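Encoded as structure tokens, the structure appears first; notes follow it.
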Amino acid sequence: MKFYSGFSLKNEKSFFDDLIHDSEYTICGFSYGAIAALNKVIDLLQNNRRVDTLQLFSPAFFQDRDKTFKRLQLISYKKDTNAYMKQFIKSCFLPYQLKETQHIRTTVDELQELLEYEWSLDSLEIIQRAGVKIEVYLGGKDKIINALEAKEFFLQNATVTYIKDANHFLQIDYGQTLKKEI
């Protein structure tokens, strides 16, 4: 199993351990890492290598966002990268409590690639026709991507698991849920 990390993150695989197929023929990616995972599967298939499953956890899906949104993200990042990244990570965990994550340095070019990436139905169809099972996991309370738009897009070529109360990290705050019910 190969796992690709999200934007600015490293070693966050443990958040998805309960969902990951532990097989040498599984490729997974979280958020920005979902793009790398897709590209890796395409590369492996072109080289006649075996892949059984592609798992995309909260894939970076911004093709429903307008140019103004994307431009403002880049401007904010350039203006104060540390503040942008702090807010970005906080938003990944909303509406629940922030959890500790490990980080790497990022560039504005990586952020632009993430924001401008266009998922291709043709690529997904080619992967699916090659016999690779595509699984997409989305959180209904995701504050980073529009999970409903992503769900509609990926349903065309993948099995989509939509976790209504989950955030971008696909985490659910059970304590908060229990308090509401009591």
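The values are calculated or read from the model by the stated rules, or taken from the named source; none is laboratory data. Only a predicted model underlies this, so the values are computations on that prediction, with no experimental measurement involved. Cβ placement follows ideal geometry from the backbone for every residue including glycine, while neighbour counts extend to all protein chains displayed. With ligands, DNA and RNA removed, areas are computed over all heavy atoms of the protein, side chains included. Shrake-Rupley method; radii C 1.70, N 1.55, O 1.52, S 1.80 Å.
Being part of a strand (DSSP E or B) and under 15 Å from Gly29 (Cβ atoms) is the filter here; which residues of region 134-145 pass it? Break it down into steps so the answer makes sense when it comes.
Initially, region 134-145 is screened for residues part of a strand (DSSP E or B), giving 134-139.
If the condition is that a residue be part of a strand (DSSP E or B) and under 15 Å from Gly29 (Cβ atoms), then Ile134, Glu135, Val136, Tyr137, Leu138 are the ones that fit.
Within region 43-58, the set of residues being in contact with a Gly (Cβ under 7 Å, 6 or more places away or on another chain) and either polar (S, T, N, Q) or part of a loop (DSSP other than H, G, I, E, B) (or both) comprises just one member, Ser58. In the set Lys99, Lys79, only one residue is over 12 Å from Ile144 (Cβ atoms), modelled with pLDDT under 95 and not acidic (Asp, Glu); that residue is Lys99. Being under 18 Å from Phe7 (Cα atoms), in contact (Cβ under 8 Å) with a residue 24 or more places away in the chain and either of a type outside the set (A, V, I, L, M, F, W, C) or in a loop (DSSP other than H, G, I, E, B) (or both) is a description that does not apply to Gln128. The single condition from (1) surrounded by 12 or more Cβ atoms within 10 Å (Cβ to Cβ); (2) in contact (Cβ under 8 Å) with a residue 60 or more places away in the chain that Ile104 fails is (1). Looking across Lys86, Lys78, Lys40, one residue alone is of a type outside the set (Val, Ile, Thr), surrounded by 13 or more Cβ atoms within 10 Å (Cβ to Cβ) and part of a helix (DSSP H, G or I). It is Lys40. The single residue among Val160, Val136 that is more than 19 Å from Glu12 (Cβ to Cβ), at pLDDT 95 or above, surrounded by 19 or more Cβ atoms within 10 Å (Cβ to Cβ) and touching a strand residue (DSSP E or B) at 6+ places or on another chain (Cβ under 9 Å) turns out to be Val160. So, in region 15-37, of the ones that are over 21 Å from Glu118 (Cβ atoms) and among the polar types (S, T, N, Q), which residue ends up surrounded by the fewest Cβ atoms within 10 Å (Cβ to Cβ)? Ranking the candidates gives Ser23 first.
From the set of residues in region 107-125 that are part of a loop (DSSP other than H, G, I, E, B) and open to solvent by 60 Å² or more (accessible area, probe 1.4 Å), which is farthest from Tyr84 (Cα to Cα)?
Glu118
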